[in-house]
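Notes for the one structure printed next.
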Amino acid sequence: MTLFGACDKYVRRIEDALSVKIWSDRGQVHVSGNESQVKQATSVLKSMTSKPDLTDDDVACCLNAAKEQIGGEVESERSDSPVAPRLAEPEAVDPSEVKTLEVFTGRRIRPRTAGQARFLKALQNHDITFCYGPAGTGKTYLAVAAAVAAMKKGAAERIMLVRPAVEAGESLGYLPGDLRAKINPYLRPLFDALHDMMDPMTVRRLTEEDIIEVIPLAYMRGRTFNNAYIILDEAQNTTISQMKMFLTRMGENSRMVVSGDISQIDLPPKTTSGLIDALRRLRRIKGIAMVELGTADIVRHPLVQKIVNAYEGNS
């Protein structure tokens, strides 16, 4: 049965994720488990039937979309807090309706969850996009993919990849080597994403020519970037003044993406995160999009989602 996948791999994935039992009998599919889990599994199976050529990514997308839809009923009851600014109710976006991103390797990158679809749609329609959520939701990867796709199309002449050099336990001054060697550990995730979308020689050449520039946040002061795609990663570790400085670097025909995880702030105690402040201060400005991703959008190993849930007290 195509719906079940080769050797029932699709069904086993749903059973493991939702703790249900699925089987086929006389042409009918049966699901057993508690009411909420059965409801989710049924939603996943119905979504899967609408896919003409079912793939592993389709199953992951259907599974995460169902979790988000059901989980949203609980999420909508959450009150405002100083940690998680309350955004407007997100619009429903079908991942299959969002334009794919074509990068230099020829790959076409598409959203795998409803939250990622909202993020990509925001990137395609706004000059400044904020996105926050837990580890593994694809914030950095999709932002870099959007930048690379923009450069491939000629919509951006340069890509600026920026991170605050904030880490627990060590400072740049105590790390060995020159400036490039010191900042490399902080910027490695951005290079990893780039190397997945361009061949290494192209990345090296464009970096040497400063067409792609990967820099710590402190080195942006006094600069203005025109015709550029600018990404600030790990933005939860900026101060308010740093965030203001970053946002005011934007020049003509440029786009900015600000991403971070507000549950992993490494700033000194009693220091307000520039990301949290910006989410509150700028959320009513037209032209700025804000997208919140949740555990349903985690697309790493299935255990990552369970680990995040355990630390957030949702298990």
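The values are calculated or read from the model by the stated rules, or taken from the named source; none is laboratory data. Model, not experiment: these values are computed from the prediction. Methodologically, a virtual Cβ is constructed for each residue, glycine included, from the backbone with ideal geometry; neighbour enumeration extends over all protein chains shown. Note: accessible area is taken over every heavy atom of the protein model, side chains too, but ligands, DNA and RNA are not part of it. Shrake-Rupley method; radii C 1.70, N 1.55, O 1.52, S 1.80 Å.
Out of I285, I215, I262, I230, one residue alone is in a loop (DSSP other than H, G, I, E, B), hydrophobic (A, V, I, L, M, F, W, C) and within 27 Å of A149 (Cα to Cα). It is I285.
The number of residues in segment 50-74 being closer than 15 Å to Q37 by Cβ, surrounded by fewer than 16 Cβ atoms within 10 Å (Cβ to Cβ) and modelled with pLDDT of 70 or more comes to 0.
Here V44 passes the criteria (1) within 25 Å of the chain's Cα centre (by Cα); (2) at pLDDT below 80 except the one numbered (2). When segment 1-49 is filtered for residues that are farther than 21 Å from V299 by Cα, of a type in the set (S, T, Y) and out of contact with any strand residue (DSSP E or B) (no Cβ under 9 Å at 6 or more places or on another chain), the ones remaining, listed by number, are T2, S36, T49.
The residues of segment 206-247 that are open to solvent by less than 10 Å² (accessible area, probe 1.4 Å) and among the acidic types (D, E) amount to a single one, D233. Here is the figure for segment 260-286: residues that are open to solvent by 40 Å² or more (accessible area, probe 1.4 Å) and not hydroxyl-bearing (S, T, Y) total 12.
Checking L293, L303 one by one, the residue that is open to solvent by 40 Å² or more (accessible area, probe 1.4 Å) and closer than 30 Å to C62 by Cβ is L303 and no other.
Looking across E102, E91, E97, E77, one residue alone is surrounded by fewer than 21 Cβ atoms within 10 Å (Cβ to Cβ), at pLDDT 85 or above and not aliphatic (A, V, I, L, M). It is E102.
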